[in-house]
């Protein structure tokens, strides 16, 4: 079994990873930790948001992410988000590519096949963020890791973001990651 220290780029590289949860802030925190790791290693990360799915930039900046070093693409529809993700992966220049699919999580099998193959070829973490409950199935059979992410209050201005892996094609499910983070000012 992998311990919680494995929510890092190296063990996730080359894989299609889906994180989902009904608490958007928790999924964004899990994504932010990988982006921050990439930047600290001197590598690039990129964000693709489909329609209304996007992070709150001041929260990412407060977590240490250099927003000037994070390309963000806002796609008007799912197909353009997939194309943008494809182009980023094809470049081979990114350690992490996040595609925030939001509530309308859809990634057809043909698109999954192409994107997963590019992630594998370029040793890139392809992180898909979806907003759905546990009972809703993953994006598809090519998802290598699926994790459910939630949060709970740990202190007055602190939250524990907890990631629980429910599918891992290499190591098996059951491992997780937890980190305590300061909550945004409006949430505390």
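Each value in this text was obtained by applying a stated rule to the coordinates, not by laboratory testing. Just so we're clear, the structure is a prediction, and the values are computed from it rather than from any experiment. No Cβ is skipped: glycine too gets one built from the backbone with ideal geometry, and neighbour counts run over all protein chains shown.
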>> For a quick check: sort 152, 120 by the number of other beta carbons within 10 angstrom, fewest at the front.
In response: 152, 120
>> If I compute percent of Cα pairs over 31 Å apart from the structure I just sent, which labelled value in (i) 8; (ii) 59; (iii) 11 lines up?
In response: (i)
> What's the exposure ranking of 9, 19, 54, going from fewest to most Cβ atoms within 10 Å?
Replying inline: 54, 9, 19
>> Based only on other Cβ atoms within 10 Å, what is the fewest-to-most ordering of 145, 73, 65?
In response: 73, 65, 145
> Given labels modelled 7 Å from the Cα in the Cβ direction, how far is it in nm from residue 63 to residue 41?
Replying inline: 1.7
> What is the extension gain from residue 86 to residue 169, computed as 0.36 nm multiplied by their sequence separation minus the C-alpha to C-alpha distance, in nm to one decimal?
Replying inline: 27.6 nm
> To the nearest 500 deg cm²/dmol, what mean residue ellipticity at 222 nm is calculated for the chain from DSSP H runs of n ≥ 4 alone, each contributing -39,500 (n - 2.57), summed and divided by the residues?
Replying inline: -9000 deg cm²/dmol
